[in-house]
Amino acid sequence: AAKKAGRNRLVWFDASMERALQARNAVEAGLRSGIPNGEIVPYYEQQIDLATGRLLGFEVLARWEHPTRGLIPPDIFIPVAEETGMIGDLSLSVMRQAFEQARGWDAELSLSVNISPAQLKDPWLAQKIVKLLVETGYPARRLEIEITESALFDDLDLARTIIGSLKNQGIRLALDDFGTGYSSLAHLRALPFDRIKIDRSFVMSMAENSESAAIVTAITRLGDSLGMPITAEGIEDGAIAAQLQAIGCHKGQGFHYGRPIPIRQVRTLLAEQALLPSGRAEPAAPDD
Ligand code: C2E
Ligand code: MG
Ligand code: MG
Ligand code: MG
């Protein structure tokens, strides 16, 4: 009986692996046409000055607007794009759209874009990003690049060279999802980071979990000592926003301030706050 159960389990496992493989292949095939067709688009999540409530900019988050399947989140397609070597094209496509959409916004607003580990193996990455900035007219000093801790394992020398070229252009660098990776503190010195983003798992649990609150406080102090400002992600309510502000955390994002939204809704939001270029945000003068 044990043998039979074992065999059944194996059969079930095979079937579920088969389904997973088919789903993955469908994602891969879909991406091959979807990336050049512009189906992967930027969504924007507000980043807020916690002390004043002022809008500082947006994190750019990729979404797949699939013609038949609807909106697909990045956890489904980013890993497949990474494994199949399509992440570079995907990322540049999303960045190009975001730079074109954001170039006319208020000069104080910045964009944060996510870069995958695999992209730091492309010796031409910096040149490609600089070319996009030149072609779209989006200024380098309003761009921040986010790299997660796991990105820092492979070819550190090449990563350093790429990051050095980007920083020479005035692009800033943030360490994303800080505190979740292996030997987080070592990563802080691996690359010249300008900012630390505390992983949302600590922020989301800080109201009910005093250890999480202590960790967020400690990371904020660490950032202060190192001259690296902190962004807290995953702020879901006002109580946590107030707690972070009391700790002295500078910048935050999360569903409390707004979910990631498409460009149409960003334009509405910016018009309400008069952050579009004056020609578009204000009514034309009578003698125009
Ligand atoms: P991330 O860079 O850490 O992005 C933050 C994620 O947290 C986003 O998920 C965002 O929607 C979610 N989030 C923000 N605020 C809250 C909140 O208050 N509560 C909760 N529960 N979640 C919140 P999303 O958009 O699903 O992205 C997941 C991850 O996919 C991102 O994590 C990033 O690592 C990756 N990703 C997204 N777009 C790109 C991209 O263009 N390129 C690369 N390489 N990775 C991307
Ligand atoms: Mg990020
Ligand atoms: Mg993050
Ligand atoms: Mg993440």
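The values are calculated or read from the model by the stated rules, or taken from the named source; none is laboratory data. The structure presented is a predicted model; accordingly, all values stated were derived computationally and were not measured. No Cβ is skipped: glycine too gets one built from the backbone with ideal geometry, and neighbour counts run over all protein chains shown. Just the protein is used for accessible areas: all its heavy atoms, side chains included, with ligands, DNA and RNA removed. Shrake-Rupley method; radii C 1.70, N 1.55, O 1.52, S 1.80 Å.
Key figures for this structure:
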| item | result |
| --- | --- |
| Angle between the chain longest axis and helix 238-247 axis [Cα atoms, degrees, rounded to 10] | 70 degrees |
| Residue order for ILE78, ILE235 - accessible surface, 1.4 angstrom probe, largest first | ILE78, ILE235 |
| Chain lengthening between ASP89 and ASP194 when straightened (0.36 nm per residue, less Cα-Cα) | 35.2 nm |
| Qualifying trypsin sites (Lys or Arg not before Pro) in region 29-63, DSSP loop, other Cβ atoms within 10 Å at most 15 | ARG54 |
| Cα-derived Rg to Rh of region 190-279, Kirkwood definition | 1.06 |
| Region 119-136 versus region 83-110: alpha-carbon centroid distance in Å | 11 Å |
| Portion, in percent, of the accessible area of region 44-146 that falls on carbon or sulfur, probe 1.4 Å | 53 percent |
| Whole-number percent relative contact order across the chain, with pairs defined as alpha carbons under 8 Å at least 6 apart | 17 percent |
| Degrees separating the helix 263-272 axis from the principal Cα axis of the chain, which is the longest one | 30 degrees |
| Region 174-222 - accessible surface per residue (Å², probe 1.4 Å) | 47 Å² |
| Partner aspartates and glutamates for LYS128 [C-alpha distance under 12 Å; skip if fewer than 8 residues away on the same chain] | ASP89 |
| FRET efficiency, LEU185 to ASN209 (Cβ-Cβ, R0 30 Å, nearest 0.05) | 0.90 |
| For region 1-149: Kirkwood Rh in Å [reciprocal of mean 1/r, alpha carbons] | 17.5 Å |
| Degrees, to the nearest 10: 125-136 long Cα axis against longest axis of the chain | 40 degrees |
| Long-range tail of P(r) for region 125-208 (Cα pairs > 19 Å, %) | 43 percent |
| Protection proxy ranking of 19-25, 206-212 - average other beta-carbon atoms within 10 Å, highest first | 206-212, 19-25 |
| For region 79-174, fraction of C-alpha pairs farther apart than 16 Å, in % | 54 percent |
| Nitroxide proxy distance, nm - points 7 Å out along Cα→Cβ at GLN169 and ARG267 | 2.6 nm |
| Theoretical gain in end-to-end length, LEU21 to GLU100 [0.36 nm per residue, Cα-Cα removed] | 24.8 nm |
| Gained length - SER225 relative to LEU275, 0.36 nm times residue gap less alpha-carbon distance | 14.7 nm |
| Relative intensity, log₁₀ I(q)/I(0), of the chain from a Debye sum that treats every alpha carbon as a point, q = 0.11, 0.12, 0.13 Å⁻¹ | -0.72, -0.85, -0.98 |
